[in-house]
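Report on the structure given below.
The values are calculated or read from the model by the stated rules, or taken from the named source; none is laboratory data. Only a predicted model underlies this, so the values are computations on that prediction, with no experimental measurement involved. Counting neighbours? That spans all protein chains shown, and the Cβs are built from the backbone with ideal geometry, glycine included. Areas reflect the complete protein model, heavy atoms only, side chains present, ligands, DNA and RNA absent. Shrake-Rupley method; radii C 1.70, N 1.55, O 1.52, S 1.80 Å.
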Amino acid sequence: MTSTPPTSSAPTGFDLSYLLNHTSHVLRTRMAAALDEVGLTPRMHCVLEHALEEERTQAQLAEIGDMDKTTMVVTVDALEGAGLAERRPSRLDRRARIISVTDKGAELAVRSRRIVDRVHAEALEGLAENDRALFVRALEQLAQGPLSEPVDSPRPARRARQAA
């Protein structure tokens, strides 16, 4: 491949959509399998971790985890059923409910954070050590820049289905 940047009329020589979609799918499946070792799903881990950071409502956590309301309710129900979290009235707004992590949930969140870090490190092992930080930085730039927000479309793209 040449070092000349592609022009709008020339093909890039690679399928960025496929590369991002495929690697994202594989990473999600590996993450789900690894977190299953401690009885959590990636969504459950996400809720526990972000609920521990600060007082957040169920709606705020759903937005952070990119979950619809129904999925969020099911996720929090599972966390409550396992004794890992509970819904409580917010100290800041009595009308709102927050997700409070129990001591058991906080302990499990520490363990699940180690698992998440391990899976991420294993994924990056496929890159030369000096390319890892560059790769992550480039993805962050895309996520915060040109790929930060979906656009409206008459035929919206569907997200890949994920196990809860």
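Quick check on my filter: what residues within the range 106-128 are open to solvent by 80 Å² or more (accessible area, probe 1.4 Å) and either farther than 21 Å from residue 26 by Cβ or not in a helix (DSSP H, G or I) (or both)?
Selection gives 107, 111, 125.
Does residue 25 satisfy the condition of being closer than 28 Å to residue 150 by Cβ, open to solvent by less than 30 Å² (accessible area, probe 1.4 Å) and modelled with pLDDT of 95 or more? If you could, list the steps in order and put the result at the bottom.
Values: closer than 28 Å to residue 150 by Cβ: yes; open to solvent by less than 30 Å² (accessible area, probe 1.4 Å): no; modelled with pLDDT of 95 or more: yes.
When the stated conditions are applied, residue 25 does not pass them.
So which residues in the range 73-103 are under 19 Å from residue 39 (Cβ atoms), under 22 Å from the mean Cα position of the chain (by Cα) and not β-branched (Val, Ile, Thr)?
Within the range 73-103, 77, 78, 79, 80, 82, 84, 85, 86 meet the criteria.
Checking residue 83 against (1) at pLDDT 95 or above; (2) in a helix (DSSP H, G or I), which test does it fail?
Checking residue 83 against (1) at pLDDT 95 or above; (2) in a helix (DSSP H, G or I), the one that fails is (2).
Could you check how many residues of the range 68-95 are open to solvent by 20 Å² or more (accessible area, probe 1.4 Å) and either in contact with a Leu (Cβ under 7 Å, 6 or more places away or on another chain) or not acidic (Asp, Glu) (or both)?
So the answer is 16.
Residue by residue, here is whether (1) in contact (Cβ under 8 Å) with a residue 24 or more places away in the chain; (2) at positive phi; (3) not hydroxyl-bearing (Ser, Thr, Tyr) holds:
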{"site": "69", "(1), (2), (3)": "no, no, yes"}
{"site": "87", "(1), (2), (3)": "yes, no, yes"}
{"site": "103", "(1), (2), (3)": "no, no, yes"}
{"site": "112", "(1), (2), (3)": "yes, no, no"}
{"site": "123", "(1), (2), (3)": "yes, no, yes"}
{"site": "128", "(1), (2), (3)": "no, no, yes"}
{"site": "154", "(1), (2), (3)": "no, no, yes"}
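State all residues of the range 31-46 that are open to solvent by less than 40 Å² (accessible area, probe 1.4 Å), under 17 Å from residue 104 (Cα atoms) and assigned to a helix (DSSP H, G or I); if no residue qualifies, say none.
35, 38, 44, 45, 46, listed by residue number.
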